[in-house]
Amino acid sequence: MSPVPCITSWMKGCSPAADEERASMVPLPSPAGDEIVDKDLAAMHTKPCWTTTARGRVGVAMAIFVLLALLLGTKWIQLDAAYYTFSPAGTGFSQHGRGHSSTAPLIPIPLSCSNDTDTSSSTTAPSSSSSKRRYYPGVRPPWCPDYFRHIHTDMEPWRATGITRDAVERAQPHAQFRLVVVGGRAYVEKYRESFQTRDVFTQWGILQLLARYPGRVPDVDIMFSTLDSPRVLAADYPSPSAAPPLFRYCKEESRELAVLFPDWSFWGWPEVNVRPWAPLMEELVRENARLPWPEREPYAFWKGNRDVSEVRQDLFRCNNDSAAGKEWNARLFKQDWDAAGRNGFRDSDVAKQCRHRYKIYVQGHTWSVSEKYILACDSPMLAIDTPFRDFFSRGLVAGKHYWPIDPANKCRAVKFAVDWGNAHPAQARRMGGEGSGFTREEMGMDYVYEYMLSVLTRYSALLRYKPAVPEKAVEVSLESMACPRRGREREFMMESREKYVAVDEPCTMPPPFTVDEVREMAVRDEQVRSKLLQMVPR
């Protein structure tokens, strides 16, 4: 293979990403507990996508540097060489410059409530994500993380035909609310009650997007379901274009049609005292540093509401039972949220739950918002396989970001993973670092907002009509949502609000997955799971 075609295919988003991904994957165990001995699987982890000779690879590197020189020209010659690195997302160059100061003045986002002076952005130090310039001025923004590419997949049913008003309104039986953006202003028509404040904080997040990118969010008309369970099943629509488009937090991709959107908890979950994602992630980083991985309890930890799914109830079979002489290396705790609330949530601080070397992720009714908190712990996530995905988990790679657990053999699988990780601490820590690194580098609030903007932009482009404000819709604004709130709801809204207009261009949307890329990812994932299935005792 000649260097030039390699570069061409790489710039479209494939080869080096796969190479880097393989190189970063944690070696899976052999039956003897050593590193991989199976040549085929070893090749899966280490074999480069490029098949050039050593001389050819030198040629590729030289061609890349020549290409860089042509791209950069003379006016960027003073940029620090470390600024350019290969993108983890695999679609070109990743441009790092987070925190680089901009000379452009910050534009505050006003929020003022009657007789309330502490909400004015003019008196608040910049702390929101939009107050920091991430990229050097004049440089093209980096490619978005790879999970953005699934936006194309979500939109595929309507790519050829577009979306009509009738199609949108046929989603009403499944929706809790309809949200329309016209001229940068948001309007909501409520159909049904949502559980707790899911709808409120989802709409609050959309208002932050509008404030962060004034004039950039296109007119849209969306139906939104805040439920967990599948709503629009692919089997009911032999012609996918006939399906009504419905925005949801998660979906079972093999059997459901939905457009995925970040869940409400990114802006806070007041009912269970879980802070907004940005300040909580900062707290998690501090707690991780306070208790290094070797000093943590050498077991797998999970705590939550066991009653919401059979999978969680069955997981408790794996709890340590010293009386019966069973040690599954799991420490499992039932969460009683009513009791936790009466106790002031003193024993339910998510940031304080990174005290074990391994964290278990198990679905709730479908998926669970806890995944991001578990992943951020610097401890390998032992994820019990589930068909449900949310927007970012579609970018996680088995064997790299997490250790997959067979739900049919979960107790032995958990014990095996913990035993192997304790015997191979360097590899275990690497997997924990890959998972928490993903949360910090690829799903910070900058990317959450950019994902939202990308989804709405592409959805709007498919609309075959001009959105209009529904007759029964009510306008929602920062003031109308925040000012009447009290307690944790108000506190979390203030913590999660964007205080300044974004100073960066959004990241660059990568292209759709090719058929070959989809096939390669599926084969790789199946190989990892199959290998682990063989290793775990029955």
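The values are calculated or read from the model by the stated rules, or taken from the named source; none is laboratory data. Computed from a predicted structure; not experimentally measured. Cβ placement follows ideal geometry from the backbone for every residue including glycine, while neighbour counts extend to all protein chains displayed. Surface areas here come from the heavy atoms of the whole protein model, side chains and all, with no ligands, DNA or RNA. Shrake-Rupley method; radii C 1.70, N 1.55, O 1.52, S 1.80 Å.
Just a few scattered comments:
- In this simple spin-label approximation, Ala408 and Ser254 carry label points 7 Å from Cα along the Cα→Cβ vector, and these lie 1.2 nm apart.
- Fraction of accessible area attributable to carbon and sulfur, the range 277-445 (%, probe 1.4 Å): 47 percent
- Within the accessible surface of the range 150-219, defined with a 1.4 Å probe on protein heavy atoms only, the carbon and sulfur portion equals 49 percent.
- Annotation: extensible slack from Asn422 through Val474 equals 13.1 nm (criterion: 0.36 nm per residue apart, minus Cα-Cα distance).
- Entry comment: accessible area of the range 277-445 is 39 Å² per residue, from protein heavy atoms only and a probe of 1.4 Å.
- Cβ-based net charge around Leu246, under 10 Å, with every Lys or Arg adding one and every Asp or Glu removing one: +3
- Full extension of the chain segment joining Lys326 with Val518 gains 65.0 nm, where the gain is 0.36 nm per residue of separation less the Cα-Cα distance.
- Here Leu291 and Lys334 are evaluated by their C-beta separation; at R0 = 22 Å the FRET efficiency comes out at 0.40.
- Whole-angstrom gap from the range 193-209 to the range 219-284, using each part's C-alpha centre: 12 Å
- Cleavage-rule hits, trypsin sites (Lys or Arg not before Pro), the range 452-502, DSSP coil, Cβ neighbours within 10 Å at most 11: Lys472, Arg486
- Unit charges on C-beta of K, R, D, E only; dipole of the range 269-351, Debye: 100 debye
- Computed lengthening from Gln534 to Tyr191, 0.36 nm per intervening residue step minus Cα-Cα distance: 118.6 nm
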